[in-house]
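Data block below; observations after.
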Amino acid sequence: MAFCSLTPENKRKMTSTESDVRMQNAIWMDMAAFLTTYPQLQKALKYGLGALVRTRPPDPFSFLAEKLREANRKEKIVVKGKALTEEEAAVRIQARGRGMRDRQIVKEKKQEAQKQKAATRIQSVQRGIAARNRTEALRNANIVWLRELFLRLCSDSKV
């Protein structure tokens with residue numbers, strides 16, 4: 001299956017089954033790459049999946065994970081490339097944890113700032129409404145006062 005770019009037009013044409021097929025193909029391609037890179041992985045998967053099919057446990061995912069760990073203990077899967085020491089791995093994990101925590105703090109601060117901005121906007125709208133109401137009340141009071149003054153002046157001039 002040929003992969004194409006996901007433009008909005010292609011997205012509209014693609015059905016959910018096509019999307020599923022593309023995702024499955026991508027997973028199979030990744031899996032094939034892993035199996036060629038790590039031949040021990042194929043043995044471990046065969047062992048774990050065989051045990052899974054034979055026993056049919058109530059929780060297949062944890063069972064398969066345990067069988068893969070067991071297979072790894074029997075025949076160590078060697079990761080190609082630079083292997084990290086425990087200290088280097090710990091430093092990476094801690095750095096990632098700090099980064100995630102800091103991003104969460106920034107996200108919370110942004111949300112708080114947005115809430116403050118929204119509250120300020122609501123308050124300013126309410127103050128504007130109250131000021132317009134006060135102005136209208138003053139205007140009405142002045143109109144009544146001017147009318148009464150006009151009526152008094154008119155009645156004084158007739159006398």
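The values are calculated or read from the model by the stated rules, or taken from the named source; none is laboratory data. Keep in mind that this is a model prediction, so the values were computed, not measured. We place every Cβ from the backbone using ideal geometry, glycine too, and count neighbours over all the protein chains shown. To get the accessible areas, we keep the full protein, side chains included, count just its heavy atoms, and leave off ligands, DNA and RNA. Shrake-Rupley method; radii C 1.70, N 1.55, O 1.52, S 1.80 Å.
Need a quick list: helices (runs of 4 or more DSSP H) entirely within the stretch 1-76 having at least 1 residues that are open to solvent by 80 Å² or more (accessible area, probe 1.4 Å) and at pLDDT 85 or above.
16-37, 39-55, 60-74
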- Is one or more of the residues making up the stretch 94-111 touching a residue at least 24 places away in the same chain (Cβ under 8 Å) and open to solvent by 90 Å² or more (accessible area, probe 1.4 Å)? no
- Within the stretch 147-159, is even one residue of a type in the set (F, W, Y), surrounded by fewer than 10 Cβ atoms within 10 Å (Cβ to Cβ) and modelled with pLDDT under 90? no
- Message: Take the conditions assigned to a helix (DSSP H, G or I), free of Cβ contacts under 8 Å to residues at least 12 places away in the same chain and within 18 Å of the chain's Cα centre (by Cα) and apply them to K115. Does it pass?
- Response: no
